[in-house]
Amino acid sequence: MNKIREKKQLSETVFLMRVEAPLIARERKAGQFIILQLCEDFGERIPLTIADADPAAGTITLIFQAVGKTTKKLALMNAGEKIAALVGPLGTPTHIENFGTVVCVGGGIGVAPLHPIAQAMKAAGNKVIIIMGARNRELLILENEMRAIADELIICTDDGSVGRKCLVTEPLKELCEQDPKPDLAVAIGPPVMMKFCAETTRPYSVPTQVSLNTIMVDGTGMCGGCRVTVGDETKFVCVDGPEFDGHLVDFDNMINRLSSYKKQEAHSCKIGLEGDSQ
Amino acid sequence: MAIPAQEMPTQDPAERRSNMNEVALGYSPEQARAEALRCLQCKTAPCIAGCPVGIDIPGFIQAIADGDNKKAIDIIKIDSLLPAVCGRVCPQETQCQAPCTVGKVLKSVDKAVNIGRLERYVADWERENRLIEIPAIKPDTGKKVGIIGTGPAGLTVAADIRREGHDVTLFEAFHKPGGVMVYGIPEFRLPKAIVQQEIDALTAMGCELKTNFVIGRTRKIQDLLDEDGFDALFIGTGAGLPRFMNIEGENLVGVYSANEYLTRSNLMRAYDKQRADTPIFDSEKVAVLGGGNVAMDAARTAVRLGAKEVHLIYRRTEVEMPARVEEVHHAKEEGVIFHMLENPKRILSDEKGWVNGIECLRYELGEPDDSGRRRPIAIEGSEFEIDLDTVIVAIGNDSNPLIRQTTPGLETNKWGNIVADENGKSSIDRIYAGGDIVLGAATVILAMGEGRKAAAAMNEMLANI
Ligand SMILES: Cc1cc2nc3c(=O)[nH]c(=O)nc-3n(C[C@H](O)[C@H](O)[C@H](O)COP(=O)(O)OP(=O)(O)OC[C@H]3O[C@@H](n4cnc5c(N)ncnc54)[C@H](O)[C@@H]3O)c2cc1C
Ligand SMILES: Cc1cc2nc3c(=O)[nH]c(=O)nc-3n(C[C@H](O)[C@H](O)[C@H](O)COP(=O)(O)OP(=O)(O)OC[C@H]3O[C@@H](n4cnc5c(N)ncnc54)[C@H](O)[C@@H]3O)c2cc1C
Ligand code: SF4
Ligand code: SF4
Ligand code: FES
């Protein structure tokens, strides 16, 4: 049982929760996630990125979008209540080093998992350029937190309500055309966005890391439900990832697999991660 | 020999196709007595050598024949801690029942004394009459043992070590303990209440259980020894890494590993569509690839989840199938369609990337291979297709690399299994291992047997530090 210490609503459908999990807070590294379950008898196990952690307070921060059954139930919980199960930290941590200039691209809720990575990249001495995208001003999250890290911050919205009116791929392309071009791009967001970010950087050979959000069950390499095709190989996102070389990921297959339970989940509302930013 | 082998009463095949209740219903007291009387009480007792843990089989059967069920279960428990489980899931026809004299004389292992069913009978009798006693615990030694994984291996070690008065903590990655007995083997073969009973006994003995705790991630092996004060550890993490065939189409929507399919249905209870949040495919036509217990469980689960057609595709013949004979028989009764000497070449899809069929090749048997079984050889040009919407790959499991990768110095073999000596000791001091993580995917009784050996060695080691 993990007690919710704090809850904040960041936008209409996005929530932040600070939850007690002392062991996870101590061990976790940027890029890792947890599996959460609201009821051990009938609840499903869903993955959420550890957006931040405070080892001294023994808490981790989760930022999630209420898109379906479990995330909507979670959104109804309040500080003081307890989450039945949190497992982690899972996944391979992000490889952090001083690459030089790193462009971090976050779309919609993807900004949440991007935050600890941007933070760690900055701490490792990189110049960090952040591109954040959302459908509109209301859906933009963590702007201040990202601004505090970034050497340069570019905001894009679909409707131009804040920042530039364009897709995140537009400033990304401009950065790739500069000399010197970025040494690394990290893109996290809806699968389509990551796919197009990878397509954008490919002609410029800018290495591009993406963080995949496949459907998971155990999160420890036991079921293979999270598998994706990367290059010619099958990889398990929960143990081999979640981060992969975006130029090698078969995004179309991954997007298909994400829709596996569309029929069964039809009852839950339509706002998916997919439609969120791009 | 005049008494016929007692048939196991079962749920009607037509009825059980749509429920998850146990298929085999268990002997009545009269049947158990009659079956027990079939045992010849052979002086040499060849059956004992067939049991991996060497249960005194004629001894416990005689007690049943004498009407002394309590004595029977006490005899079994000298060697086995999980009789209600093993009586149900042991591959008896290749173990204790294979060398049975009665079967030999009647020239069929099917006619051997039904040792497993008798074992199940007394274990159920004990449980249903609430006669299970919590073993006496020796005074506290102040020594602390950590057990990683709560499958049959881990549960056995926990019981044997706790009895000596050591402090025991069990770590389990999942939210429920029991290992494959809970996430893999379905309710209709092994009711979860039986496994829960074993867990309850351990907690009553004072073992501490930490679920949702992944060793290698939440805490590493070395941390448990160096920082958390554990004097010894047992690794019983099983063989939980699904193998795939590496054929075209294996990542399409609608292709499952048996692990995923069974976990969704058993552990996450997706079969209970009203209450469970975890979804599973509403399949019409399913193919299961493989011929072991895992494949049978997946096929029979698909039947129960409402599939209209379930095809089981295996590249050898029924004789070579590693599944228990009883399960094969039950699967057939439930309408699973068996395709022998066939093997998939690729999985086919519609334009949206969803499975819509499978292309197979026909096979024939050639010369024996390393395993002694005749090698299946593809027949050129024999391709044919089956229409499907779901494919379940059940061709086996390897060991999960998590602990291996996070524990420097832990020796493993080329399959990734932990190398342990005959006492279950690994290459690192104070760390023992057993069950599928050492043997590769094996059986419940072997995992239990290894656990007992390791526990004995650990108790001895702990007594000397
Ligand atoms: C490693 C990892 C980290 C993640 N981190 C976060 C995070 O920090 N914050 C966050 O909000 N979400 C994150 N996700 C996605 C999150 O797990 C899903 O949104 C969640 O599982 C949906 O569960 P649900 O029961 O609420 O919705 P469901 O009822 O299961 O589904 C609702 C809709 O969302 C789709 N969907 C289901 N699972 C996913 C998924 N994994 N990704 C995208 N769409 C999905 C379904 O197809 C359906 O259309 C992460 C996923 C992974 C794999
Ligand atoms: C579907 C299926 C059907 C089977 N049918 C039969 C049968 O009929 N008869 C038979 O004898 N055998 C059968 N088997 C095989 C039998 O179940 C196994 O041999 C046996 O369960 C192995 O026991 P174990 O204790 O080694 O590991 P497991 O039962 O695999 O348990 C290992 C446990 O460790 C946990 N774990 C793994 N890694 C970690 C970690 N890093 N940290 C914490 N916990 C961890 C796992 O979650 C799991 O709960 C079947 C297997 C399957 C999959
Ligand atoms: S434990 Fe298994 S092999 Fe041994 S006697 Fe019982 S059923 Fe037979
Ligand atoms: S071999 Fe068969 S008949 Fe002989 S003692 Fe064992 S069970 Fe009885
Ligand atoms: S979630 Fe099961 S293997 Fe990755």
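Taking the conditions (1) touching a Gly at 6+ places or on another chain (Cβ under 9 Å); (2) more than 16 Å from ligand 3 (Cβ to nearest atom); (3) away from chain A (no Cβ under 14 Å) in turn, B:F171 satisfies each one other than (3). For first residues located in segment B:439-456 and within 14 Å of another protein chain (Cβ to nearest Cβ), partners that are more than 16 Å from ligand 4 (Cβ to nearest atom) and open to solvent by 40 Å² or more (accessible area, probe 1.4 Å) and lie 6+ apart or on another chain with Cβ distances below 9 Å form the pairs B:A441/B:V294; B:A441/B:D398. The selection criterion, being more than 22 Å from the chain's Cα centre (by Cα) and either away from chain A (no Cβ under 14 Å) or within 9 Å of ligand 3 (Cβ to nearest atom) (or both), does not hold for B:D79. If only residues of segment B:227-249 that are under 23 Å from B:G179 (Cα atoms) and among the hydrophobic types (A, V, I, L, M, F, W, C) are counted, the one that is surrounded by the most Cβ atoms within 10 Å (Cβ to Cβ) is B:I235.
When we screen B:E119, B:E93, B:E126, B:E22 for residues that are among the acidic types (D, E), in contact (Cβ under 8 Å) with a residue 24 or more places away in the chain and within 30 Å of B:K308 (Cβ to Cβ), the only hit is B:E22.
Evaluation of B:P13 against the conditions (1) within 12 Å of ligand 4 (Cβ to nearest atom); (2) over 22 Å from the mean Cα position of the chain (by Cα); (3) modelled with pLDDT under 95 shows that the sole unmet condition is (1).
For segment A:86-108, enumerate the residues that are open to solvent by less than 10 Å² (accessible area, probe 1.4 Å), at pLDDT below 95 and more than 15 Å from the chain's Cα centre (by Cα). Answer for segment A:86-108, where residues must be open to solvent by less than 10 Å² (accessible area, probe 1.4 Å), at pLDDT below 95 and more than 15 Å from the chain's Cα centre (by Cα): just A:G88.
Considered as a group, the residues in segment A:213-246 that are among the hydroxyl-bearing types (S, T, Y) and without any contact (Cβ under 8 Å) to a residue 60 or more places away in the chain include one that is farthest from ligand 3 (Cβ to nearest atom), and that residue is A:T229.
To keep it simple, each residue is scored yes or no on (1) at pLDDT below 90; (2) under 26 Å from A:R28 (Cβ atoms); (3) open to solvent by 10 Å² or more (accessible area, probe 1.4 Å); (4) outside the structural domain of A:T70 (by TED's automatic domain parsing).
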position	(1), (2), (3), (4)
A:G110	no, yes, no, yes
A:P113	no, yes, yes, yes
A:E143	no, yes, yes, yes
A:E170	no, no, yes, yes
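Suppose the filter is out of contact with any His (no Cβ under 7 Å at 6 or more places or on another chain) and more than 14 Å from every other protein chain (Cβ to nearest Cβ); does B:E309 pass it? It is true that B:E309 is out of contact with any His (no Cβ under 7 Å at 6 or more places or on another chain) and more than 14 Å from every other protein chain (Cβ to nearest Cβ). Against the test of being part of a helix (DSSP H, G or I) and in contact with a helix residue (DSSP H, G or I) (Cβ under 9 Å, 6 or more places away or on another chain), the options B:C86, B:C39 yield a single qualifying residue, B:C86.
Whether any residue in segment B:172-193 is open to solvent by 10 Å² or more (accessible area, probe 1.4 Å), of a type in the set (G, A, S) and away from ligand 5 (no atom under 16 Å from the Cβ) is what I want to check. Looking through segment B:172-193, at least one residue is open to solvent by 10 Å² or more (accessible area, probe 1.4 Å), of a type in the set (G, A, S) and away from ligand 5 (no atom under 16 Å from the Cβ).
Note on segment A:64-145: enclosed strands (runs of 3 or more DSSP E) holding 2 or more residues that are closer than 22 Å to A:D240 by Cα, of a type outside the set (A, V, I, L, M, F, W, C) and within 14 Å of another protein chain (Cβ to nearest Cβ) are A:85-90. A:G221: within 11 Å of chain B (Cβ to nearest Cβ), touching a Phe, Trp or Tyr at 6+ places or on another chain (Cβ under 7 Å) and surrounded by 16 or more Cβ atoms within 10 Å (Cβ to Cβ), yes or no? Against the criterion (within 11 Å of chain B (Cβ to nearest Cβ), touching a Phe, Trp or Tyr at 6+ places or on another chain (Cβ under 7 Å) and surrounded by 16 or more Cβ atoms within 10 Å (Cβ to Cβ)), A:G221 qualifies. For residues that are away from ligand 1 (no atom under 14 Å from the Cβ) and open to solvent by less than 30 Å² (accessible area, probe 1.4 Å), scanning just segment A:230-254, find the one that is modelled with the lowest pLDDT. Taking the candidates together, the pick is A:N253. For segment A:203-215, the condition holds for at least one residue, the condition being that it is surrounded by fewer than 22 Cβ atoms within 10 Å (Cβ to Cβ), within 14 Å of chain B (Cβ to nearest Cβ) and closer than 30 Å to B:T218 by Cα. Filtering segment A:17-38 for residues that are in contact with a Phe, Trp or Tyr (Cβ under 8 Å, 6 or more places away or on another chain), away from every other protein chain (no Cβ under 14 Å) and modelled with pLDDT of 95 or more leaves a non-empty set. Could you please give the count of residues in segment B:255-269 that are more than 7 Å from chain A (Cβ to nearest Cβ) and either surrounded by 23 or more Cβ atoms within 10 Å (Cβ to Cβ) or not in a loop (DSSP other than H, G, I, E, B) (or both)? Looking only at that region, the number is 7. Of the residues making up segment B:304-335, those that are aliphatic (A, V, I, L, M) and touching a helix residue (DSSP H, G or I) at 6+ places or on another chain (Cβ under 8 Å) are B:L305, B:V310, B:L312, B:M321, B:A323, B:V325, B:V328, B:A331.
The values are calculated or read from the model by the stated rules, or taken from the named source; none is laboratory data. What you see is a predicted model; the values in this text were computed from it and never measured. Glycine also receives a Cβ, built like all others from the backbone with ideal geometry; neighbour counts cover every protein chain displayed. These accessible areas exclude ligands, DNA and RNA; they are computed on the full protein's heavy atoms, side chains included. Shrake-Rupley method; radii C 1.70, N 1.55, O 1.52, S 1.80 Å.
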